[in-house]
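A.B. asks: My questions will all concern the structure given below.
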Amino acid sequence: MNPVVGTALAAGESLPVLEVRGLRKFFPIRQGIFSRVTGQVRAVDGVSFHIGRGETLGLVGESGCGKSTVGRTVLKLLEPTEGRISVHGEDITDLDPIRMMPFRQRMQMIFQDPYASLNPRMSAGAIVGEPMLIHELAGRGEREERVEALFERVGLGRRHMNSYPHEFSGGQRQRIGIARALALNPELIVGDEPVSALDVSIQAQIINLLMDLQDELKLSFLFVAHDLAVVEHISHRVAVMYLGRIVEVTDKASLFETALHPYTEALLSAVPVPKARARGRRRVILSGDVPSPINPPTGCHFHTRCPYSMARCRTDAPELREVHPGHWTACHLHDDGVRFPLASPAAA
Amino acid sequence: MDHANSLEQGFAGGGVPGAGESVLEINGLKTHFFTPDGVVRAVDGVSCEVRRGETLGVVGESGCGKSVTALSILRLVADPPGRIVGGSIRFEGRDLLAASEAEMEALRGNDISMIFQEPMTSLNPLYTVGRQIGEAIALHQGASKREAMEQAVEFLRRVHIPEPERRAHSYPHHLSGGMRQRVMIAMALCCNPKVLIADEPTTALDVTIQAQILELMREMQGSYGQAIVLITHDMGVVAENADRVVVMYAGRKVEEAEVDELFDRPGHPYTKGLLGAIPSLEVAATAGPGRGRLNEIEGMVPSLANLPPGCTFAPRCGYATDDCRNAYPPHREHRPGHWVACWHADRLLGEEG
């Protein structure tokens, strides 16, 4: 078996629920009356990872880094440009929509905007029951029973089944979205910023609900979000993305304590800390903005903003390497041995 | 002026003449919205003062009234449906609620200026950014067009926009979100206001850009010494930038304290609940492989058109007793500078100590 990015699988352990290798997704830019392709947005530019059973992989990064595109592409809501996607070792990359159907049951999605992702003309109960209808999984009576159970499980109560989306608050709508995702008993759920639109006190309720459901149902999660603290809280391992590439993947404790990529270091230090005596905290402040994914920098995509950038970084793109057991990073600083803290002189 | 007191104000207050004196006083402010569904009490009796050179953090969740408070200060609440129905707002002793519209126009952007969450909607897409900054300078300082443009370029330089001469001729859509917010800050500061109201200034920005903008605001406060009212939902932003903090819930101020005091010993169950509900990087990482549950605040914010009797937080509060359900608690100073509106504040403050 090929090596799997992230952590090596222990012998005897079953195949990962999701495995992605070398994933690329480019969007063509068309211009002129003949819609000639004049360029490519390299939204996802070579991404590999796996997710085990009952595991949450957090995918974190800033706007435009490609994290949402990864989430949509692994569900084949977008066709990948290149790379392989496997579910339990079965390659789903080239499956047509009909042959995708059984896999769709096993992979569901929760969206960011609980206002845009629920059909305003359907009752909440019909929304949650619809996936079972589409997949012809249950008769009417059975379906209604299951919808009721799902409503109870996500903390809504069956009396809400006949209400319409506009009658719910943001947090309640997100509970409906979660119930819908659970309707088919999936193994993997992709959450695309599922708590970003919610207030802190409601966000905590939804995060707790997702973690409880995961423990109970042994769900695997790909949790895509920009909020590093939320991702750290909910994930077992975290992958940090920058301009279409994963720059670092490791378990969350290592990421927080020994970040090995300069971008991760800057990201961690930019997150404001809600604690006393936090004023005047020393931090790494990156200069400039994220470059355009239409014309990304040569070599390492981060070199234009990196405080440690070297000559090599401008020409050679660093590969994602396991520089420490279970700790993968793509940075030339560690070419001659792991360097930590990053500002220290290179290890001999 | 009490010198020791001004030193305590730290970085922000140091060196500002008259630091610690209040520049803006809000007393019993009530801003209500008259809608077909009833009266929405968006701000319902809020009092606070802003001192010279300080950063006052105003924190709370959606609908707590923090933005409406800010708009009320500048009398920008749309009427109808909104109206300021009670209280007073005094800027350097002058009653703003009694001021004429012409007086308010002279004051807005000059003495008190404001920056908003989404710079794209507050900048005019039809004019270059240099012209928009220059407009404020020409209007309030009586500068000629040319002088105004020169000063606009100078302000773009001060907010660290690269190539300011060229950028002054850019339109807002040419700029990134971070750059637009820098333009907004340049525009807000170009008339050297005494108070800058920043309503969620970094909420729409990525975290590394947020760090740049907050750093810029601190730097500008260091050079110009204006007071900042920093409105945000992000407790981390408050902790790292505010001197004092006002916590709002359902249209009222529930707690006010110096920033370290507030985070060390929250006196209101809502503040305490909020702090427990935020995932923390440090805790998440060191909690081991298991993931701790976050503290939940049960239920949700009540409708402002239909508030519960007594304390508005009581239905969600673990400390609530019959007292709470019967009467709204008085806002009292329980420790020096630490005000809490809760019948059980002493118990909460005791727990922390």
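The values are calculated or read from the model by the stated rules, or taken from the named source; none is laboratory data. Only a predicted model underlies this, so the values are computations on that prediction, with no experimental measurement involved. All Cβ positions, glycine included, derive from the backbone under ideal geometry; neighbour counts span all protein chains shown. All accessible areas refer to the heavy atoms of the entire protein, side chains included, with ligands and DNA or RNA removed. Shrake-Rupley method; radii C 1.70, N 1.55, O 1.52, S 1.80 Å.
A.B. asks: What number, rounded to the nearest 500 deg cm²/dmol, is the helix-based mean residue ellipticity at 222 nm of chain A, given -39500 (n - 2.57) per DSSP H run of at least four residues and division by all its residues?
C.D. replies: -8500 deg cm²/dmol
A.B. asks: HN-Hα J couplings of the stretch A:114-121 from phi, Karplus 6.51/-1.76/1.60, θ = phi - 60°, integer Hz, Gly and Pro as x?
C.D. replies: x, 8, 8, 9, 10, 5, x, 8
A.B. asks: Of the lysine pairs in the protein assembly as shown, how many meet both conditions: Cα atoms under 19 Å apart, and a spacing of 8 or more in sequence or different chains?
C.D. replies: Step by step, the pairs that qualify in the protein assembly as shown add up to 10.
A.B. asks: Only protein chains counted, 1.4 angstrom probe. Which residues of the stretch B:230-267 are at least 50 Å² less accessible in the assembly than when their chain is isolated?
C.D. replies: The answer is B:Glu240, B:Asp260 - residues whose exposure falls by at least 50 Å² when every protein chain is included.
A.B. asks: Let me ask something else. Out of all DSSP beta bridges in the protein assembly as shown, what portion is antiparallel? Express it as a percent rounded to 5.
C.D. replies: That works out to approximately 60 percent antiparallel.
A.B. asks: Residues of the stretch B:197-224 losing 40 Å² or more of accessible surface, assembly versus chain alone, probe 1.4 Å, please list them.
C.D. replies: Correct list: B:Asp206, B:Val207, B:Thr208, B:Ala211, B:Gln212.
A.B. asks: Using r as the Cβ-Cβ distance of A:Arg282 and B:Ser303, and R0 as 56 Å, what FRET efficiency do you calculate, to the nearest 0.05?
C.D. replies: 0.80
A.B. asks: Using helices alone, what [θ] at 222 nm do you get for chain B, with -39,500 (n - 2.57) per DSSP H run of 4 or more residues, divided over all residues and rounded to the nearest 500?
C.D. replies: Result for chain B, helices only: -10000 deg cm²/dmol.
A.B. asks: Which residues does a label at A:Leu95 reach in the stretch A:211-253, if reach means a backbone N under 19 Å from a point 7 Å past the Cα toward the Cβ?
C.D. replies: Hits in the stretch A:211-253 for A:Leu95 at 19 Å: A:219-222.
A.B. asks: May I pose another question? GluC sites (Glu not before Pro) within the stretch B:174-257: which are DSSP loop residues with at most 13 other Cβ atoms inside 10 Å?
C.D. replies: The qualifying sites: there are none.
A.B. asks: Let me ask something else about it. Connecting C-alpha atoms closer than 10 Å in a GNM of chain B, tell me which of B:Pro302, B:Pro279, B:Pro119 has the biggest fluctuation.
C.D. replies: Among B:Pro302, B:Pro279, B:Pro119, the largest GNM mean-square fluctuation belongs to B:Pro279.
A.B. asks: Mean-square fluctuation check for chain A, GNM, Cα pairs under 10 Å: which of A:Asp113, A:Asp289, A:Asp316 is largest?
C.D. replies: For chain A, modelled as a Gaussian network with Cα springs under 10 Å, the answer is A:Asp289.
A.B. asks: Right, here's the next one. Among the DSSP beta bridges whose two residues both lie in chain B, what percent are antiparallel, rounded to the nearest 5?
C.D. replies: 60 percent
A.B. asks: Amide H to amide H under 5 Å from B:Val229: which residues, 5+ apart in sequence or cross-chain, H placed 1.01 Å off N in plane?
C.D. replies: B:Leu56, B:Leu196, B:Ile197, B:Ala198
A.B. asks: Over chain A, what is the mean sequence separation of C-alpha contacts under 8 Å (at least six apart), divided by residue count, expressed as relative contact order in percent?
C.D. replies: 19 percent.
A.B. asks: Take the alpha-carbon centre of the stretch B:163-222, take the same for the stretch A:295-348, and report the distance between them in whole Å.
C.D. replies: If we compute the Cα centre of each part, the gap is 31 Å.
A.B. asks: Here's something else I'd like to know. What whole number of Å gives the distance from the Cα centroid of the stretch B:85-119 to the Cα centroid of the stretch B:25-73?
C.D. replies: After rounding, the separation between the Cα centres reads 14 Å.
A.B. asks: Any idea what the relative contact order of the stretch B:186-278 is, in percent, if you count C-alpha pairs under 8 Å spaced at least 6 apart?
C.D. replies: Contact order relative to length: 22 percent.
A.B. asks: Helix B:177-189: angle to the longest alpha-carbon principal axis of chain B, degrees 0 to 90, nearest 10?
C.D. replies: That helix lies at roughly 80 degrees to the long axis.
A.B. asks: Can you tell me the orientation of helix B:145-158 relative to chain B, as the angle in degrees between its alpha-carbon axis and the longest Cα principal axis, to the nearest 10?
C.D. replies: Helix B:145-158 sits roughly 50 degrees off the main axis of chain B.
A.B. asks: Shifting gears a bit: Kindly compute the accessible surface that chains A and B hide from a 1.4 Å probe when together, both sides summed, and give it to the nearest 100 Å².
C.D. replies: Using a 1.4 Å probe on protein heavy atoms, the buried area is about 4300 Å².
A.B. asks: How much of the accessible area of chain A, probe 1.4 Å, is carbon plus sulfur, in whole percent?
C.D. replies: C and S fraction of accessible area: 51 percent.
A.B. asks: Looking at chain A, what % of its DSSP beta bridges pair antiparallel, to the nearest 5?
C.D. replies: 60 percent
A.B. asks: Sticking with this structure for a sec: Report, to the nearest whole %, how much of the accessible area of the stretch B:258-351 belongs to carbon and sulfur atoms, 1.4 Å probe, protein only.
C.D. replies: The value for the stretch B:258-351 is 51 percent carbon and sulfur by accessible area.
A.B. asks: For A:Ser123 and A:Ile294, calculate 0.36 nm times their separation in residues minus their Cα-Cα distance, and state this gained length in nm to one decimal.
C.D. replies: 57.4 nm
A.B. asks: Could you work out which residue, out of A:Gln31, A:Gln112, A:Gln174, moves most in a Gaussian network model of chain A, that is, has the largest mean-square fluctuation with Cα springs under 10 Å?
C.D. replies: Highest fluctuation of the listed residues: A:Gln31.
A.B. asks: Give a quick list of trypsin sites (Lys or Arg not before Pro) in the stretch A:280-314 that DSSP marks as loop, anything other than H, G, I, E or B, with at most 13 other Cβ atoms within 10 Å.
C.D. replies: Passing sites in the stretch A:280-314 are A:Arg281, A:Arg282.
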